[in-house]
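Below is one structure; the comments refer to it alone.
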Amino acid sequence: MDELGLIHDAQKGDVNAFNRLVLEYQTLAYNVAYRIMADDDAAADATQEAFISAYKHIDSYRGGSFRGWLMRIVTNACYDELRRRKRRPAVSLEELTTNADGEETDSDALLASTDELPEDRTQRKELAAALQNCLNSLPDDMRTVTVLSDVQGLDYAEIAEATGVALGTVKSRLSRARARLRNCLQAVQELLPAVYRLGDEASA
């Protein structure tokens, strides 16, 4: 059965159909939560709460990107959990580019490259310390769109759905986030991908 069929069945109360959706999206949901929360237990708690909420509110899905709809629930769960824990997200480059088991992700991570050489890996790890401080200096809304776009590879429409803001706001936040990162990382800009270098335009 295709995704839309599973959604329709889940909306009719079919728990098995919803569980199949959970299996499809649980890795993505956890990875997004982990990269925002930077803590295994907190990410697991937020992911669990997100799927519980998604099941309770599955009737509110009215079409469009189901991934974007679900990621909005995940990000909301993350910030609810952060408020409970009374701390801000603390995302490092290592956490952005690896999963909870320490393995490289296959998404377009901020600094990862599909043809990365060993020496490039060393440089990237050195850059991680500088980038961590810059990422942590971003407001939460800018950090979130950066994670969803430059790490998870969601498109603008999906990010708008996930964050509950207009498409233009997503583009503006991402542009400003990249500009802040470029300015923050001037000292190591020669190691950065083009989108984060001073003088280079952020991608549209």
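Values in this text are rule-based calculations from the coordinates and carry no lab data. These numbers come from a predicted model, not from an experiment. All Cβ positions, glycine included, derive from the backbone under ideal geometry; neighbour counts span all protein chains shown.
What the table shows:
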{"item": "Gain on full stretching of the segment that runs from residue 57 to residue 15 - 0.36 nm per residue minus C-alpha separation", "result": "13.8 nm"}
{"item": "Residue 48/residue 4 FRET efficiency (R0 22 Å; Cβ-Cβ; nearest 0.05)", "result": "0.30"}
{"item": "Neighbour-count order for 142, 37, fewest beta carbons within 10 angstrom listed first", "result": "142, 37"}
{"item": "Packing-based exposure ordering (other Cβ within 10 Å, fewest first) of 78, 184", "result": "184, 78"}
{"item": "Cβ-Cβ FRET estimate between residue 23 and residue 125, R0 fixed at 30 Å, reported to 0.05", "result": "0.35"}
